Structures are given as structure tokens and as C-alpha cells.
Amino acid sequence: MSNYSKRQYLFAVYLLKQFGIEDSIFIEKSLHYYAMAYGYYRQYESGTFFNTSDSIEQLLLEKTIRKERKKIQQKEIDKKHFNATDLANFTFCPVSFAINYSFVIEHPTGKKYADIGTELHNKLNLIKRVEKYEKTKSIEHSIFNHPEILKVLNSKVIYNGHNRESKQCFFNEATKIACDPDYIFLDNKNEFFVVEEKYHYYKDPKKATYNEKWLEWNGYYDTGENMTERVENWENFNPIFFKNHQIQVIAYLKNITKYTLKYGYLVYWYYDINEASEPYIHKVGVKKLVLDNYTESLYKQTTVSINNFTTATTQVFDTESINPNKCAGCVVNKYCGHKNKRYTEFTLPYKLDYLTFYPAEYPF
């Protein structure tokens, strides 16, 4: 509640209850995410305060989407062709996949972070570091002195998915799965490998600003750590590589036939924004993926599930699998009726009836 005024908090809870959400933990974590994603500092006559008005606006926007749900533009569903991103989306959340596959998403959640991600790809992408390293044979920062990153820097670029002129779709006729990787390289052993990079926003604890310290002092970072502990824990942090991102790389290894890919790297860049409003990388994590018993089993499980779902059109939904942190940041969460844990199945196309309202007592 510390992020919101008392009236804002009560009104936000009221809106979430109208969406059928009663779980108090889910409510608290959702509101915290919205505050961090859409809140900002604002100067008032009495001082500088953290403003969460835009967070409330996002909830009101979801209410409008639900009220006018029959106006949501429907997509023409193609159940015969998928791409690697579809497999990743399905692994992330089958309901999210169904919504994405059914609707034109005019109001995505977290657009600010998506826009930043696009900007980061343009400013900080791996290919620029490769080109710079080829010219100088030196690394610009100690975090790039990572054995796997150094291996990439010393490899030959075969394909750059961020180059509009050379960009292409690798379509596998046998599996009917398309792939659009970030990069394909050739290493010094003449082996081809694929790289997929992801950007994760994480406050750099070594460069905490006054405003960030103010947030900590006032309880906005509910992590149980002080700044010193955050620095120490972050230095020893080992990334958890999400299964949906792993599936994306595995799909490349399974379906790209133009090159004989021996392995793939999933690269996580952790970034912050400096005082000049410029993004910078302060940590990197890399996971190497090869086709083995684990990855083959994971891939088969995913493709069988997605094919069964698109054939049957209805799938059982485990309400206990709902993660409030994941739901809050999901790009399609304003179009999702399943986050309230009231439905034990979902459909393709996604039913508009899931976006109904529930009785809630107005708090004022």
C-alpha cells in the first residue's frame, strides 16, 4: 500500500475485485508491479513524491477493455504453422498464448519496457560489441570478460537478425515451424551456433541514486535487503534461465536446416539507466544449450502440447500455476480473465466471456 495513497489503494483493490480477483497476495504483488512499471517522481509544492496515478489508469483501461470486449479485434487463427516465439509464448503461459493468437493486442502491458528493449537491441546489441572487438581486440568492460561471451566475440558472424537488409525467416517445411534468431555465428572449430539475447531491467545496486535510496528507506523495495546486502547478493547472483526462452533456442536448433547448428547460447543482459537517461549493461548471464535428452524431451513435450491444444481447441487450466509476478508483467494481462483463478479450462479462440465483471463493493 505504501506506493499508493489510501484512496488510490482502496480504488485499485476495488477494480481488481471487479475483475474477479480476490487473492490478497495476488492483489498486493500486482499493485506493486504496476506502481514500479508506471509510477514516477513528481514535484509538488510540498516536495517530491512518487506518483502512481498512471498505475490506476492502467487498471481503468482494463475495465474499459472488458466493458467493450465485443470491440476487440479478432485474429484469423492459423493452426498449421507456428514459429519459435509461439512455442516460447505457449511455454510461458498457454492462456497468454491463446490470447495472443486470438486478439489484436492494442493495449499491451509493459509497453515502456518493450520499447526500451527495442532501443537496447539498437544500442547495446551483441553484434556491435563483436564488430568493436574485431577492430580493437579489447573488451570495453570486465563483465564482458565472460568465457562464453569471449567465444562469441572471437567468432565469425554468419547471420544478423537485426539487419533489415539481410533479415530472413528460416522456415522448416517438415515441421511447419519458422525461426527468426538474433544471430548465427561460426566458431574457431568451424561449428555453427545460434545466439538469442534478452534484456532484463534490474537496478544496479552499485550505482543507487538518491531517489532509489529514498524508495528503499520508504519501503518501496520490499526485498528484505539493505543496499550493502543487495550489492553483495548481486555480485554472487546466478541467473535463472526461463524455460520459455530455452524453448526458443531449442526450437532454432531443431528447425533451422540451412546451417548445421551444434549448440546455442541464451544471453541475459541486465541493464539499468544512468543519470543521463542512457541504458547500460552491468551484468551478463549465459546458458549454453545443446540437443540432449533434456532439451529433446522439453521440445517434444511443448510441441505435442501445442498441437493437441490447437486441435482440441480446449485445454485444462491449472489455477495453482498462476504466478502473480508473471501475470502482472504479462504483455496481454489486460485481456486475461484467467488471472482471477475462477476458470479451470480455456479455449482457442479465447472466449470474450472470460472478460466478465464480478460484484465488488465500492469503497467510498
GLU106 fails exactly one of the following numbered conditions: (1) open to solvent by less than 70 Å² (accessible area, probe 1.4 Å); (2) modelled with pLDDT of 90 or more. What is the number of that condition?
(1)
I'd like to know if the range 58-66 contains one or more residues that are on the phi < 0 side of the Ramachandran plot and open to solvent by 80 Å² or more (accessible area, probe 1.4 Å).
no
Starting from residues that are part of a strand (DSSP E or B) and of a type in the set (Lys, Arg), keep the ones in the range 246-300 and report whichever is nearest to ILE139 (Cα to Cα).
LYS283
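Looking for something under 30 Å from ASP86 (Cα atoms), at pLDDT 95 or above and under 20 Å from the mean Cα position of the chain (by Cα) - is there at least one such residue anywhere in the range 234-241? Step through it out loud before you land on a result.
Residues of the range 234-241 that are under 30 Å from ASP86 (Cα atoms), as a first pass: 237-241.
Add one more test, that the residue is at pLDDT 95 or above, and what stays is 241.
Going one step further and asking which of them are under 20 Å from the mean Cα position of the chain (by Cα), we end up with 241.
Yes, there is a match, as at least one residue in the range 234-241 is under 30 Å from ASP86 (Cα atoms), at pLDDT 95 or above and under 20 Å from the mean Cα position of the chain (by Cα).
Given the condition at positive phi and either crowded, with 17+ Cβ neighbours inside 10 Å or not in a strand (DSSP E or B) (or both), answer yes or no: does some residue in the range 154-172 qualify?
Narrowing the range 154-172 to residues at positive phi: none.
No, the range 154-172 has no match at all.
Taking the range 301-339 on its own, how many of its residues are part of a loop (DSSP other than H, G, I, E, B) and either at positive phi or among the aromatic types (Phe, Trp, Tyr) (or both)?
Of the residues in the range 301-339, 2 are part of a loop (DSSP other than H, G, I, E, B) and either at positive phi or among the aromatic types (Phe, Trp, Tyr) (or both).
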Any hit, the range 33-53, residues being in contact (Cβ under 8 Å) with a residue 24 or more places away in the chain and more than 24 Å from TYR201 (Cβ to Cβ):
no
If you go through the range 14-37 one residue at a time, how many are under 15 Å from ASN3 (Cβ atoms) and of a type in the set (Ser, Thr, Tyr)?
3
Quick one: which of TYR44, TYR38, TYR9 is among the hydroxyl-bearing types (Ser, Thr, Tyr), open to solvent by less than 50 Å² (accessible area, probe 1.4 Å) and either more than 22 Å from CYS330 (Cα to Cα) or modelled with pLDDT of 90 or more (or both)?
TYR9
Apart from one, (1) in contact (Cβ under 8 Å) with a residue 12 or more places away in the chain; (2) among the hydroxyl-bearing types (Ser, Thr, Tyr); (3) open to solvent by 60 Å² or more (accessible area, probe 1.4 Å) all hold for THR91; the odd one out is (3)
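Identify all residues within the range 280-300 that are modelled with pLDDT under 95 and either open to solvent by 40 Å² or more (accessible area, probe 1.4 Å) or within 20 Å of ASP182 (Cα to Cα) (or both); write none if there are none.
So in the range 280-300, the residues modelled with pLDDT under 95 come out as 280-285.
Answer for the range 280-300, where residues must be modelled with pLDDT under 95 and either open to solvent by 40 Å² or more (accessible area, probe 1.4 Å) or within 20 Å of ASP182 (Cα to Cα) (or both): TYR280, ILE281, LYS283, VAL284, GLY285.
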Sort out which residues of the range 340-364 are under 22 Å from ASN307 (Cβ atoms), touching a residue at least 40 places away in the same chain (Cβ under 8 Å) and outside any loop (DSSP other than H, G, I, E, B), and write them in order of number.
PHE346, THR347
Test each condition in (1) modelled with pLDDT of 95 or more; (2) over 26 Å from PRO239 (Cβ atoms) for ILE184 and report the one that comes out false.
(2)
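If only one of LYS213, LYS207, LYS203 is of a type in the set (D, E, K, R), surrounded by 17 or more Cβ atoms within 10 Å (Cβ to Cβ) and modelled with pLDDT under 85, which one is it? Before the answer, list the steps.
On the way: LYS213 fails: surrounded by 17 or more Cβ atoms within 10 Å (Cβ to Cβ); LYS207 fails: surrounded by 17 or more Cβ atoms within 10 Å (Cβ to Cβ).
Of the residues listed, the single one that is of a type in the set (D, E, K, R), surrounded by 17 or more Cβ atoms within 10 Å (Cβ to Cβ) and modelled with pLDDT under 85 is LYS203.
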Evaluate the following for PHE97: is it touching a helix residue (DSSP H, G or I) at 6+ places or on another chain (Cβ under 7 Å) and either over 20 Å from ALA312 (Cβ atoms) or aromatic (Phe, Trp, Tyr) (or both)?
yes
Residue ID - most open to solvent (accessible area, probe 1.4 Å), chosen from residues in the range 320-364 that are under 17 Å from PHE26 (Cα atoms) and of a type in the set (D, E, K, R)
GLU320
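The values are calculated or read from the model by the stated rules, or taken from the named source; none is laboratory data. Everything quoted here is computed from the prediction, not taken from an experiment. Counting neighbours? That spans all protein chains shown, and the Cβs are built from the backbone with ideal geometry, glycine included. Note: accessible area is taken over every heavy atom of the protein model, side chains too, but ligands, DNA and RNA are not part of it. Shrake-Rupley method; radii C 1.70, N 1.55, O 1.52, S 1.80 Å.
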